[in-house]
1. 222 nm [θ] for the chain, helices only, -39500 (n - 2.57) per DSSP H run of 4+, per residue, to 500?
2. State the extension gain, in nm to one decimal, for the chain segment bounded by Glu164 and Asp77, taking 0.36 nm per residue of separation less the distance between their alpha-carbons.
3. Compute the angle between helix 177-192 and the longest alpha-carbon principal axis of the chain, please, reported from 0 to 90 degrees and rounded to the nearest 10.
4. Given the chain reduced to its alpha-carbon atoms as identical point scatterers, what log10 I(q)/I(0) does the Debye formula return at q = 0.17 Å⁻¹?
5. In square nanometres and to one decimal, what's the mean projected area of the convex hull around the Cα atoms of the stretch 91-133?
6. List the residues, sorted by chain then number, that are 5 or more residues from Leu57 or on another chain and whose placed amide H is less than 5 Å from its amide H.
7. Give, in nm to one decimal, the length gained when the segment between Gln219 and Lys192 is fully stretched (0.36 nm per residue of separation minus the Cα-Cα distance).
8. Can you work out D for the stretch 1-146 in µm² s⁻¹ from Stokes-Einstein, where Rh is the Kirkwood radius over C-alpha pairs, the temperature is 10 °C and the viscosity is 1.306 mPa s?
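Where a number appears in this text, it was derived from the coordinates with a stated rule and is not lab data. Please read these numbers as outputs of a predicted model, since none were measured by experiment. Every residue, glycine among them, receives a Cβ derived from its backbone with ideal geometry; neighbour counts consider all protein chains shown.
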Amino acid sequence: MQVILENVTHTYQPGSPFQATAIQHVSVAIHPGEFLALIGHTGSGKSTLAQHINGLLKPTEGRVLLDGQDIHQKGFDKREVRRKVGLVFQYPEHQLFEETVAKDVAFGPKNLGLPQAEIDERVQEALRKVGLGDPGMAEKSPFELSGGQMRRVAMAGVLAMRPEILVLDEPAAGLDPQSREEMLEMIAGLHKQGSTIVMVSHAMDDVARFATRAVVMEQGRIAMEGTPEEIFAHGEELEKMGLDVPSVCKLGMRLKELGVEGLGDMFREEQALATLTALWKGGEGHGAE
């Protein structure tokens, strides 16, 4: 399944004194099986763009196509979009409301009119996927859980719809370091299992670790698009946009300033370790001569 945004513009409160255009003439395709990162500083339009992917927002101009069909054309069943494209907001735990974990996760499938047996199956499946499949967890109140667990419950509620594309808006924001790492590893696991992931993030180290492609937003437009290698090769341009670069990139840039040669472009920790180890061994051998 593929989602394509064609020349999409979105203006909030058009015609009012508060009119503001968040994204302008944005065209991007989301390919099956990829891990796409949407990056940009606050106000760049990345969250607005994300909300167009599942039809939550309607373009002021342009089209959003799901497998070639305009999702906003007359007669198109929006429920089809919501089933196939799941959106997890930033701080989704604020939207929990049911008295038990199971009831909260079951909310979406229940609204689809599914038989109770299938609803129960989806709930258990979704809880296992987010690491909350322990006996008794389903009957707990979501408000008795830790912040990280509450966020997992909220994500399970989206996964219970069995979407093919999962759109995540800053999924690790506000979590403690351990919960943050567990959340990111869980998302990486979903990607490995075949889910298409679109992740809004300002954490460049996370983008370097997990993304297969990245789109950089600036002032409502796409400024760059490509693989993480291609994006982070433009470290100075990113910094001019007010964006950070991965810690490994900073290390590489500093070493180059100090005159270290043979580094190449580094943006992942494993790359840096392999490169620096090879340089150290080469230097050691040269010294021995």
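1. So the calculated ellipticity at 222 nm is -12500 deg cm²/dmol.
2. Going from the current span to full extension adds 29.6 nm.
3. For helix 177-192, the angle is close to 80 degrees.
4. Evaluating at q = 0.17 Å⁻¹ gives log10 I(q)/I(0) of -1.36.
5. 3.2
6. His52
7. 6.5 nm
8. Value of D from the Cα-based Kirkwood radius: 90 µm²/s.
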